[in-house]
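The block underneath contains the structure these notes are about, expressed in structure tokens.
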Amino acid sequence: MSTQHEYSFFDAVLANFDKAAKFTNWDPGILEQIKLCNSVYRMHFPVKIGDKIEVIKAYRVQHSHHKTPCKGGIRFATTVNLDEVMALAALMTYKCAIVNVPFGGAKGGISIDPKKYTPYELEKITRRYTHELIKKNFIGPGTDVPAPDYGTGEREMSWILDTYTSMKPGEIDALGCVTGKPITQGGVRGRREATGLGVFYGLKEICSMPDLMEKAGLTVGVEGKRVIVQGLGNVGYHAAKFFREGGAKVIALAEYEGAIFNTNGLNEEEVRQHRKKEGTILNFPGATNITNTAEALELDCDILIPAALENVINGENAPRIKARIVGEAANGPLTPDADEIFIQKGILVVPDMYLNAGGVTVSYFEWLKNLSHVRYGRMEKRFTENQNRNILSQMEELTGKSVGDKEKEIIMHGPNEADLVYSGLEETMIGATREIVDTWKSNPDIPDLRTAAYVVAINKVGTSYEELGIFP
Ligand code: NAD
């Protein structure tokens with residue numbers, strides 16, 4: 001399967017924006033300001049790899065400053081280019097607006113194949129990139145806050161944090177300069193699984209809506225749904241995990257070297273262990289191999305979750321997709337042609353810019369934790385437990401009956417950090433899903449959920465500009 005750009009990703013975002021802008025009443029100047037990228041930083045820097053000097057190409061794009069700081073992940077991949085970074089930065093603005101996270105959109109990327117470098121070399125590249133960002137004021141807890149994306153994770157975020165703090169000694173909120181950090185370095189519990197969990201919460205809410213399910217020819221609820229996930233990375237792995245735990249059957253998992261299929265369902269953790277040991281997802285016990293991985297997308301299923309890279313479903317393969325719902329966990333997995341084909345085929349597309357917003361939502365919680373310098377739940381956990389214990393013992397005294405040990409534990413439980421993060425994420429995803437679906441239903445001319453999501457985002461960013469006024 002090709003992940004190369006056959007067309008401009010940013011142009012596709014602009015086309016989607018224009019399609020939705022027709023359903024809003026904003027001044028054309030405001031619309032122009034919302035859709036273009038405010039600041040674009042393209043850089044080249046030298047890094048010594050072995051005894052050679054390599055020139056590394058990298059980017060950081062801040063799409064919108066209607067709210068600050070800007071926020072967006074950093075991608076390490078050979079496919080990284082300016083067009084892609086601009087598109088992803090724009091999607092971040094709309095994503096943050098939809099889930100009411102008070103940030104402007106940004107994105108960064110380094111055009112390298114991380115698999116070709118040793119950890120030491122990757123650390124040198126990441127630290128040098130961070131230096132470049134600091135030099136141009138493109139990073140900081142109040143200006144621009146990166147996070148992980150394709151090809152990066154907690155390790156890279158730690159290197160960024162360490163570089164930043166060593167350059168800004170004494171800056172009290174420095175921990176908030178990057179999110180997606182390990183818990184021991186100011187990260188928040190729940191961040192690692194946040195995007196996959198948000199995908200699950202979003203699709204679960206969609207599956208609970210009887211009218212949408214009837215249109216899709218499916219029963220209400222997640223239980224028993226046949227799910228296919230492409231990409232067993234951070235997002236795909238966790239999406240598969242929460243769907244399996246929620247009672248769905250993950251019937252196929254696709255990686256770049258191949259895919260596996262089992263109608264009885266696959267356990268993502270066992271598959272991950274198998275892949276780690278064997279170096280391939282193929283030959284998993286009890287599953288059928290699909291050597292051409294792209295074919296996994298075309299299998300019969302209820303929910304298809306592309307969670308790898310963009311443009312994987314396009315005009316060529318979209319006519320062969322049999323899923324009833326496509327949940328865009330990755331950014332931009334569908335091209336505009338695929339969107340059109342799915343509208344005609346009645347396949348419900350749940351769009352990336354809100355469905356995968358779990359990561360940025362929990363990044364926001366992490367940033368708040370860093371600014372408040374205290375772990376969620378630290379102040380109230382014991383207090384709540386003591387209160388619950390008092391209420392429970394009063395009830396037992398008044399009724400003369402006693403509650404079992406297991407139930408007692410459940411009733412008394414005071415919230416810890418993960419409980420609060422999960423609950424905040426669920427609330428956010430349910431709220432966003434309902435807002436987008438209501439907007440879609442409010443106007444029969446809005447063709448799909450993606451356009452509805454853009455309408456919601458444009459209205460929120462537009463309101464910001466209107467209320468703040470335009471600087472003379
Ligand atoms: P990741 O690097 O952890 O995982 C991506 C996985 O996809 C890898 O296992 C890779 O081998 C696999 N893959 C690559 N090409 C493939 C192909 N052609 N077929 C099948 N599998 C393939 O990355 P991630 O963080 O999980 O991000 C995945 C997507 O989700 C990206 O589009 C990213 O922008 C988006 N996203 C990520 C986050 C986050 O919090 N990590 C948040 C929002 C959106």
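May I ask you to verify whether Ser423 is assigned to a loop (DSSP other than H, G, I, E, B) and either polar (S, T, N, Q) or modelled with pLDDT of 95 or more (or both)? Criteria not met by Ser423. Kindly check whether there is at least one residue in segment 182-191 that is of a type in the set (D, E, K, R), part of a strand (DSSP E or B) and surrounded by fewer than 23 Cβ atoms within 10 Å (Cβ to Cβ). There is no residue in segment 182-191 that is of a type in the set (D, E, K, R), part of a strand (DSSP E or B) and surrounded by fewer than 23 Cβ atoms within 10 Å (Cβ to Cβ). The lone criterion from (1) under 22 Å from Phe365 (Cα atoms); (2) of a type outside the set (A, V, I, L, M); (3) at pLDDT below 95 left unmet by Arg378 is number (3).
Filter segment 276-289 down to the residues that are within 12 Å of the ligand (Cβ to nearest atom) and surrounded by 14 or more Cβ atoms within 10 Å (Cβ to Cβ) and list them by number. Across segment 276-289, the qualifying residues are Thr280, Ile281. Here Ala21 fulfils each of the conditions (1) in contact (Cβ under 8 Å) with a residue 12 or more places away in the chain; (2) closer than 15 Å to Tyr129 by Cα apart from (2). Residues in segment 243-260 that are within 14 Å of the ligand (Cβ to nearest atom) and touching a strand residue (DSSP E or B) at 6+ places or on another chain (Cβ under 7 Å): Ala252, Leu253, Ala254, Gly258, Ala259, Ile260.
Would you call Pro119 within 25 Å of Asp419 (Cβ to Cβ) and not assigned by TED's automatic domain parsing to the domain that holds Val349? No, not satisfied.
Highlighted here are the strands (runs of 3 or more DSSP E) found entirely within segment 18-117 that include at least 1 residues which are polar (S, T, N, Q): 39-49, 52-62.
Scanning segment 222-238 for residues that are more than 9 Å from the ligand (Cβ to nearest atom) and either of a type in the set (A, V, I, L, M) or open to solvent by 20 Å² or more (accessible area, probe 1.4 Å) (or both) yields a count of 7. Count of segment 90-102 residues, restricted to those that are more than 12 Å from the ligand (Cβ to nearest atom) and within 16 Å of Pro148 (Cα to Cα), is 0.
Summed over segment 373-385, residues that are exposed (fewer than 12 other Cβ atoms within 10 Å of the Cβ) and assigned to a helix (DSSP H, G or I) total 2. Residues that are open to solvent by 10 Å² or more (accessible area, probe 1.4 Å), among the β-branched types (Val, Ile, Thr) and near the ligand (Cβ under 8 Å from one of its atoms) within segment 290-312 comprise just one, Thr293. Tell me, please, whether a residue that is more than 16 Å from the ligand (Cβ to nearest atom) and surrounded by fewer than 23 Cβ atoms within 10 Å (Cβ to Cβ) can be found in segment 143-157. Taking every residue of segment 143-157 in turn, at least one turns out to be more than 16 Å from the ligand (Cβ to nearest atom) and surrounded by fewer than 23 Cβ atoms within 10 Å (Cβ to Cβ).
The values are calculated or read from the model by the stated rules, or taken from the named source; none is laboratory data. Predicted model only: the values in this text are computed from it and were never measured. Reconstructed Cβ throughout: ideal geometry from the backbone, glycine too, with neighbour counts over all protein chains shown. For accessibility, only protein heavy atoms count, side chains too; no ligands or nucleic acids. Shrake-Rupley method; radii C 1.70, N 1.55, O 1.52, S 1.80 Å.
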